[in-house]
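Here the structure comes first, spelled out in structure tokens, and everything after it is commentary.
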Amino acid sequence: MKRKIVIGIAAVAVAIVAMALIGMWLDFCNLEAVKWHIGGPKGEEGYEWLTNNTEGNATVLAWWDYADGIQAISHRKVVIKEASENIKETIAPYNSPGRPWRKIEYELWYPFESEDKVRDVANFFIAENSNESIRIARNYGANYVLVIYPDDIWKFPAIVLASGNEPDDYITGNFTIESIERREVVKKETVGIKMIYGDNVEGFEKVFDNRKMRIYKLK
């Protein structure tokens, strides 16, 4: 009798755990299905420009947040699709207040990108010499680079972290709309910073700019 009771309790426990995992899986799938970084009408305009003005086999180098838009709207390839595990703390839902199960979901099911690949993309953006950025882009077969202003300024600390460097060496972190507009947050004029602000960058041609999304083509 006792053995049957123990087996029954164990079966109930297993069922509860299974139901909890299924619930978490469905929650995670719903979370991942949301298009977080389309960027509103101007973002959609930029993605549609890619569709209509680039080669069908073009590859776009951008920070991982924009892979959804590039793939789903532009139907173009990307260099990275997700964050790497070493910068998982920078993924907004990973640290959702009051939702500690998010971390479990990400550990179980999130398709972390290669750390080396994410580091290379980060190094593209923090390079102070465009030759280094061109080398990285060509290494991954990228034809275009996509950035979004001012979103990528807010993301720049995460980009620097992914490269293995200290964000404070590149950007102040004292972000306000005014300080970003006046460029007061910038400590180093990297290739990525210049592109985010819409500057000319040697070795690249700016082919699209609606003052939010900016797209550069390798010359």
State the Kirkwood hydrodynamic radius of region 122-219 in Å, one decimal place, computed from all pairs of distinct Cα atoms. 13.4
Rounded to whole Å, √(5λ) for the Cα gyration tensor eigenvalues of region 125-172, largest first, gives 20, 14, 9
Out of residues 5 or more away from Met213 or on other chains, whose amide H comes under 5 Å of its own, with H placed 1.01 Å from N in the peptide plane? Tyr149
Full-stretch length increase - Glu44, Ser96 - with 0.36 nm per residue and alpha-carbon distance subtracted: 16.0 nm
Quick one: compute the contact order of region 88-219, relative version, from alpha carbon pairs under 8 angstrom and 6+ residues apart, as a percent. 26
Per residue of region 83-89, what does 6.51 cos²θ - 1.76 cosθ + 1.60 with θ = phi - 60° give for ³J(HN,Hα)? Whole Hz please, x for Gly and Pro, Karplus curve as stated. 7, 8, 5, 6, 10, 4, 5
Determine the gain in length on full extension of the stretch Asn57-Glu181; use 0.36 nm per residue of separation and subtract their C-alpha separation, reporting nm with one decimal. 41.1 nm
Residue-ordered couplings for region 182-199, obtained by feeding phi - 60° into the Karplus form 6.51 cos²θ - 1.76 cosθ + 1.60 and rounding to whole Hz (Gly and Pro as x), are 7, 6, 6, 7, 8, 9, 10, 7, 7, 4, x, 4, 4, 5, 4, 8, x, 6
Hey, what's the Cα Rg ratio for region 34-117 versus the globular rule of thumb, 2.2 N^0.38 Å? 1.22
So which of Lys103/Lys219; Lys103/Lys217; Lys42/Lys88 end up more than 31 Å apart, counting from Cα to Cα? Lys103/Lys219; Lys103/Lys217
Packing rank of 161-168, 139-146, 58-65, where each peptide gets the mean count of other beta carbons within 10 Å, highest leading: 58-65, 139-146, 161-168
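Where a number appears in this text, it was derived from the coordinates with a stated rule and is not lab data. Everything numeric here is computed off the predicted structure, so don't read it as measured data. Neighbour counts are summed over all protein chains in view; Cβ atoms, including those assigned to glycine, are modelled from backbone coordinates with ideal geometry.
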